[in-house]
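Read-outs throughout are calculated quantities, based only on the coordinates presented, and are distinct from any laboratory measurement. Please read all numbers here as calculations on a predicted model, not as lab measurements. Note: ideal-geometry Cβ built from the backbone for every residue, glycine included; neighbour counts use all protein chains shown.
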Amino acid sequence: MHSFFSPSLVNPDIGCHEAWLSCDDVPMKWHYPIGLLYDLFSGVEHAGLDSKSNQQDTATNRVEEASIKPWKLLLHYKNYPTELIFPLDPDGRVIQDAFINSVKEADFTRTGTAKTVMSLSKNDSDALWKAVQAHDMTLYNTVYMEILISPSIKLRNIPTKIYLPMTASSSTVPDTSQAREHEKSDQEPRRGTIRTIQGLVPPIINNQASTVGIALNKLIPAVFPSKRSTRVAVPVLHGAVIPMDADLEALGRACSYADGFLHIVIVLLSLS
């Protein structure tokens, strides 16, 4: 984007690391995966889910219809919101470090140790980042799929993060102990505030394969009191509503983001 717009900039010598993006006046956190940002600030908002959308197939259709709409972003080159997003550097080291740290976190969650990532050779570590930069799935799979989450690795937990978008219109969100840990203020949450909920979900619980419904019921039972049905909210991943009975381990191996996490957005249904 910087290369495309640079001839039109007032100061053509400004670096691309000084740019930042916003959606409806909300600064986009660059360390979040782009698909997660879309689900949080565009796909979720335009999904049109309401109290009549309690049936998951209806909710799925609404989200899929919304996903074809353009995502309107604004590119800024001044007034960098350092209080909301971390500044970048000219060499791209900050964003690389953020990605690698997230990969390490996922590895630790997955196996109970980060040795798999820490023991990567320099060539493999460099190749993983280059694959992300170049959108090279073949190169990425040679490192991530064949080394970090190979079938021979026994999973202790499925790396999962749950995101609850909080705005003035969502003040009716059922409170949970996990959510309270991330939102201490009693004030009305500003637009763009996100509650991030994370917990350990093993692939097998009580001799039963963990499902999306089981994970959500475990992490945010106030929002998902049932492990099978959706009444208050629906889970969204990669722009699609996830079935509550989807196997969490299979989902983690096939649909995780590049850092190894399942970043699941919760779309609240109207409570009116």
Between Trp71 and residues 5 or more places away or on another chain, the pairs with built amide H atoms under 5 Å apart involve none
Per-residue HN-Hα couplings for the stretch 96-108, Karplus 6.51 cos²θ - 1.76 cosθ + 1.60 at θ = phi - 60°, whole Hz, x for Gly and Pro?
5, 4, 4, 5, 5, 5, 5, 4, 5, 4, 5, 5, 5
Descending packing, highest mean Cβ count within 10 Å first, for 214-224, 2-12, 253-263 is 214-224, 253-263, 2-12
Taking the Cα of Asp124, stepping 7 Å toward and past its beta carbon, and measuring to each backbone N in the stretch 235-269: which are under 16 Å?
260
Using a 7 Å offset from Cα along Cα-Cβ at Tyr77, what residues in the stretch 1-45 end up with backbone N under 15 Å from the label point?
1-21
So how far, in whole Å, is the C-alpha centre of the stretch 142-163 from the one of the stretch 201-263?
16 Å
Of every Cα-Cα pair in the stretch 93-148, the percentage lying beyond 18 Å is 27 percent
What FRET efficiency comes out for Asp247 versus Met1 if R0 is 30 angstrom and r is the Cβ-Cβ distance? Round to the nearest 0.05.
0.20
Based on the mean of other Cβ atoms within 10 Å per residue, sort peptides 149-160, 82-93 so the most packed one is first.
149-160, 82-93
Using the structure shown, list the pairs from Lys78/Lys130; Lys72/Lys122; Lys72/Lys115; Lys72/Lys154; Lys72/Lys161; Lys130/Lys161 with a Cα-Cα distance above 32 Å, or answer none.
Lys72/Lys122; Lys72/Lys115; Lys72/Lys154
